[in-house]
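What follows is one structure encoded as structure tokens, with my remarks underneath.
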Amino acid sequence: MTKIHEGWEGVFETPFQSGIVSFSITSGDMEDLIENYVYTDHRKITEQQYKILLEDLLKEASICFQQSGLESNIATNGFTRECSMLQWMYIESEIYKLRNTFQKIEAHPLRNLQKEEILMNRERVRSVTPRTIAWMERYGEAFGATPSKLPSHIQTTKIEETFDVYENRVILFQLNELESLLKTYRTIQDMDIHKKAEQFLDWISHWKRSNFLQQIKSHSGAVKITQVFRKNPVYRLWYQWFHSLYQFKTITFDLQQKLSLKDTYLLYEMWCFMQVICTFRGLGILEDTAELFTKKDGYYFLRLAENKESIVKLKNGAKLIYQKMIQSNTLPYYSYTQRMIPDIVIEYQEHLFVLDPKYRIPANLPMALGEMHKYRDGILAKENDSTVVKEVYILTPTECYLSNDKDFYDIEFHKRYKMGAYCFSPGENLEEFNKWIKQLFC
């Protein structure tokens, strides 16, 4: 919030959420409550698309790693307990859903009727079953039974309700694991992560004191998926949350590269790059992806980061480059104005094809495309000062249609002007883009 002449002003930004936001302003004994509605930003991806984006990114990274032929002492158990930026992002964005799920489980936890055969003073026996009569006929004399007298003690079935079922033991086990994981994140030298990890640890400590988790022991060993985890709508959500927690395997982002939810645009850029790789792999021209990975402490990390060039080699001599740096002293291409770092560059037959992901493209798409002219005109070949950028395209999560006749997503517009836009949306096919790549290389 910033003090201005008329009062205070500020910006309230959310990654996905919409709804009512309330501001409480206190001045002395007076308190004013201001409410406003936060509308969904249609320029952004949805929360479901965000999950697909993460899954696609990790899936393609894993495939590239397998095809790169790298050898190392990487854990091969399929899951890793190592901390990672993507795992923290998952916890940060999804733990509110886990809290809601736990509250539903706490309201109606699974329970079982436990039967136990015990000897009981005959005055305390409340009901007699055929099993009780059979016991008295067989063992009654040992407890003083006669034809006219009942035995002093009778064996009967005691039925108690218990929460000590497999699924509840797993919940306690997973809460302990998450607690241990959050304690690790709490030690990271980042105040934002430290503060949130402390908050989440308080939640878990409170959850573990829930009545249905008392008097039961934590599960130990591998967790198996039972029919309850498959079919119970609430317990299934719980199981799926923890299954996703460890999906990041050995391909992940280093914690040194901090990505918060507000930095979704960076993740979107990475996803676009991996989708282009997926397109090349589908055409069978992907050759070497080793430069996508860097080794640290025996683990490989996906090294996509701002201002760090990552190169993927193709079989036809072409290169796909993430965050290619071009400035006055770079070879074989240079910039005669300013340093340029286009997000995605395809280098093929001494020409460059530039792709620029725009997570939140405003309605003035022509202005955004106008900025792409700096790549077309400002990047030259060092050898003869000829222009080398042949085509430029913006990648957007949603299509931005304009009221005029120009359709920057239209294939005919692309063919005529060698520039325009493609819609790159998680969960949807990239048919038009795939056709362009196929036409370019095949």
Any pair with Cβ under 9 angstrom, 6 or more apart, that starts in the stretch 198-211 at a residue that is closer than 16 Å to Gln174 by Cβ and without any contact (Cβ under 8 Å) to a residue 60 or more places away in the chain and ends at one that is in a loop (DSSP other than H, G, I, E, B) and of a type in the set (Gly, Ala, Ser): none
Whichever residue in the stretch 107-166 is at pLDDT 75 or above and among the hydrophobic types (A, V, I, L, M, F, W, C) and, among such residues, is farthest from Arg209 (Cα to Cα): Ala134
In the stretch 215-241, the residues that are over 22 Å from Glu179 (Cα atoms) and not aliphatic (A, V, I, L, M): Thr226, Gln227, Arg230, Lys231, Asn232, Pro233
Meets criteria (at negative phi, modelled with pLDDT of 90 or more and among the basic types (Lys, Arg)) for Lys435: yes
Counted residues, the stretch 341-364 - those being surrounded by 12 or more Cβ atoms within 10 Å (Cβ to Cβ) and more than 22 Å from Thr264 (Cα to Cα): 7
Residue match in the stretch 365-383 (condition: modelled with pLDDT under 85, charged (D, E, K, R) and within 19 Å of Ala421 (Cα to Cα)): no
Conditions (1) in contact with a Ser or Thr (Cβ under 6 Å, 6 or more places away or on another chain); (2) free of Cβ contacts under 8 Å to residues at least 24 places away in the same chain; (3) surrounded by 16 or more Cβ atoms within 10 Å (Cβ to Cβ); number of the one not met by Gln327: (3)
Per-region count, the stretch 365-386, residues surrounded by fewer than 15 Cβ atoms within 10 Å (Cβ to Cβ) and more than 33 Å from the chain's Cα centre (by Cα): 8
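For the subset of the stretch 196-212 comprising residues that are basic (Lys, Arg) and over 20 Å from the mean Cα position of the chain (by Cα), which member is surrounded by the fewest Cβ atoms within 10 Å (Cβ to Cβ)? First the steps, then the outcome.
First pass over the stretch 196-212, keeping only residues basic (Lys, Arg): 196, 208-209.
Now restrict to residues that are over 20 Å from the mean Cα position of the chain (by Cα): 208-209.
On the way: Lys208: 15, Arg209: 9.
Among those that are basic (Lys, Arg) and over 20 Å from the mean Cα position of the chain (by Cα), it is Arg209.
So which residues in the stretch 411-431 are over 21 Å from Tyr359 (Cβ atoms) and outside any loop (DSSP other than H, G, I, E, B), if there are any at all? It would help to see each step written out before you state the result.
Filtering the stretch 411-431 for residues over 21 Å from Tyr359 (Cβ atoms) gives 411-418, 431.
The answer is Ile411, Glu412, Phe413, His414, Lys415, Arg416, Tyr417, Glu431.
Regarding Pro397, is this residue closer than 30 Å to Thr264 by Cβ, surrounded by 19 or more Cβ atoms within 10 Å (Cβ to Cβ) and touching a helix residue (DSSP H, G or I) at 6+ places or on another chain (Cβ under 6 Å)?
Taking the combined requirement at face value, the residue does not satisfy it.
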Test: residue in the stretch 170-189 that is exposed (fewer than 12 other Cβ atoms within 10 Å of the Cβ) and closer than 15 Å to Arg99 by Cα: no
Within the stretch 249-296, tally of residues that are of a type in the set (Val, Ile, Thr), modelled with pLDDT under 75 and more than 24 Å from Lys51 (Cβ to Cβ): 1
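The values are calculated or read from the model by the stated rules, or taken from the named source; none is laboratory data. Model, not experiment: these values are computed from the prediction. Neighbour counts are summed over all protein chains in view; Cβ atoms, including those assigned to glycine, are modelled from backbone coordinates with ideal geometry.
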